[in-house]
């Protein structure tokens, strides 16, 4: 929907009243108890609102209702010269959300004049816990990619391959998208998930992708989020938000190739479970690659099948404790022993040596990678394991 598509006597600042039926004509979903009699929208505000996914629309709707009840609340910033104009910084459970609502106070109604990204809340932050869950478009800067064992300098080049200050976006506008794992601030998530997409879709020339950023609070709170999304019942706001993104892509017929890494796989599984209950329509235009899965693969594959989503590949390093232990995908004694021996690399600072951080390209590549980084003893352990596997094992 765009106000420019309306008749020529209407412009961006024209004010319109809505009701439960007419709002659907503009691609907007407002609840039946929305105070239509108290709220007016400019065409500009309607255009912005119609671009938001279902989750964002509901969050903005909650705050418009709050504006109706408390138009002069403390978090409403007054215009310096016009006391009837306000900007409402939307409220979110635990933290501020990432939209600003501009409105005028009229004698008979509240006029919503615009809905804006709150740029103070988007982007990288020195305090990583201040980063927000939102969509970013990440553009490629160089063609550096991870397709073989690499030394520290080459791995360092990966960090400069993608934009480190991506721009927030209201919806997915690229053919590739990603959900990052835990302990990933925005700058790290931007280059790391671009690297995972390159590995997942090696024949594609990816010049930009959309990051569904799962911000980190700290390892304890990130772990609690994982447990919350694995349980049955209500899912986290991250999962509900992602479900709405999937639904919007589906409604618009977009072909999107996703990758989910680590906790991102947990969020994606929870989002699919929420999607199946709330939206239900088959997700036949989207596909998923799973890397270092923190989710149980049987559960993820089952809900993906139930929602029509294709899982085209899974990359889990046998020495990675996240898919084996956290995802409960292989709790055999041999798997637990492997994970225990390499646990220090998972939590270490050397991303190239970690069996979890970079994409898994096979055990032979991982052994070469370890040797290049000076982890000779660990490389010997991996090569010994390779010799024990049958010829043609997909992990080699």
Inset, instruction - Can you work out the PRE-style zone for residue 237? Point 7 Å along Cα to Cβ, and I want the residues of segment 254-271 with backbone N under 19 Å. - result: 264, 267-268, 270-271
Inset, instruction - Calculate how steeply helix 263-278 sits against the longest principal axis of the alpha-carbon atoms of the chain, using the helix alpha-carbon long axis, and give the answer as 0 to 90 degrees to the nearest 10. - result: 50
Inset, instruction - Using a 10 angstrom cutoff on alpha carbons, build the Gaussian network for the chain and name the most mobile of 238, 180, 306. - result: 306
Inset, instruction - Write down the percent of antiparallel bridges among all DSSP beta bridges whose residues are both part of segment 128-315, to the nearest 5. - result: 30
Legend entry - Highest-MSF residue in the chain out of 335, 14, 111 [GNM, Cα springs under 10 Å]: 14
Inset, instruction - With both partners inside the chain, how many of the DSSP beta bridges are antiparallel, as a percent to the nearest 5? - result: 55
Inset, instruction - Under 1.5 on a/c is rounded, so check that first for segment 128-315, then, if it is not, pick prolate when a/b is larger than b/c and oblate when it is not; a ≥ b ≥ c are the square roots of the alpha carbon gyration tensor eigenvalues. - result: prolate
Inset, instruction - Considering Cα pairs under 8 angstrom that are at least six residues apart, work out the relative contact order of segment 152-288 and quote it in whole percent. - result: 30
Legend entry - Folded to 0 to 90 degrees: helix 376-388 orientation relative to the chain principal axis, Cα: 80
Inset, instruction - Determine the calculated [θ] at 222 nm for the chain from helices alone, applying -39500 (n - 2.57) to every DSSP H run no shorter than 4 residues and normalising by the residue count; nearest 500 deg cm²/dmol. - result: -10500 deg cm²/dmol
Inset, instruction - Scan [x] 68, 48, 41; [y] 76, 50, 44; [z] 79, 42, 38 for the value of Cα extents along the principal axes in Å calculated from this model and give just the label. - result: [z]
Inset, instruction - Kindly state, as a whole number, the per residue volume in cubic angstrom of the convex hull around the alpha carbon atoms of segment 216-312. - result: 88
Legend entry - Relative exposure of 212, 99, 34, judged by other C-beta atoms within 10 Å (fewest first): 34, 99, 212
Legend entry - Exposure proxy ranking, count of Cβ atoms within 10 Å, fewest first, for 330, 19, 56: 19, 330, 56
Inset, instruction - Starting from the Cα gyration tensor of segment 253-361, take the square roots of the eigenvalues, sort them a ≥ b ≥ c, and report rounded, prolate or oblate (rounded when a/c is under 1.5, otherwise prolate if a/b is larger than b/c, else oblate). - result: prolate
Inset, instruction - Please give the helix 297-307 orientation as an angle from the longest Cα principal axis of the chain, in degrees from 0 to 90, rounded to the nearest 10. - result: 40
Inset, instruction - Compute the Cα gyration tensor for segment 342-386, then decide on rounded, prolate or oblate, letting a ≥ b ≥ c be the square roots of its eigenvalues: rounded whenever a/c is under 1.5, prolate when a/b is larger than b/c in the other cases, and oblate in all that remain. - result: prolate
Inset, instruction - Springs between alpha-carbon atoms under 10 Å, Gaussian network over the chain: tell me which of 185, 234, 248 tops the mean-square fluctuations. - result: 234
Inset, instruction - Find the centroid of the Cα atoms in segment 269-307 and in segment 185-264, then give the distance between the two in whole Å. - result: 12
Legend entry - Taking the chain and dividing mean pair separation by its residue count, relative contact order in percent (alpha carbons under 8 Å, at least six apart): 11
Inset, instruction - State the extension gain, in nm to one decimal, for the chain segment bounded by residue 251 and residue 394, taking 0.36 nm per residue of separation less the distance between their alpha-carbons. - result: 47.9 nm
Inset, instruction - Take 26, 366 and order them by how many other Cβ atoms sit within 10 Å, fewest up front. - result: 26, 366
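Where a number appears in this text, it was derived from the coordinates with a stated rule and is not lab data. Predicted model only: the values in this text are computed from it and were never measured. Virtual Cβ from ideal backbone geometry, glycine too; neighbours counted across all protein chains shown.
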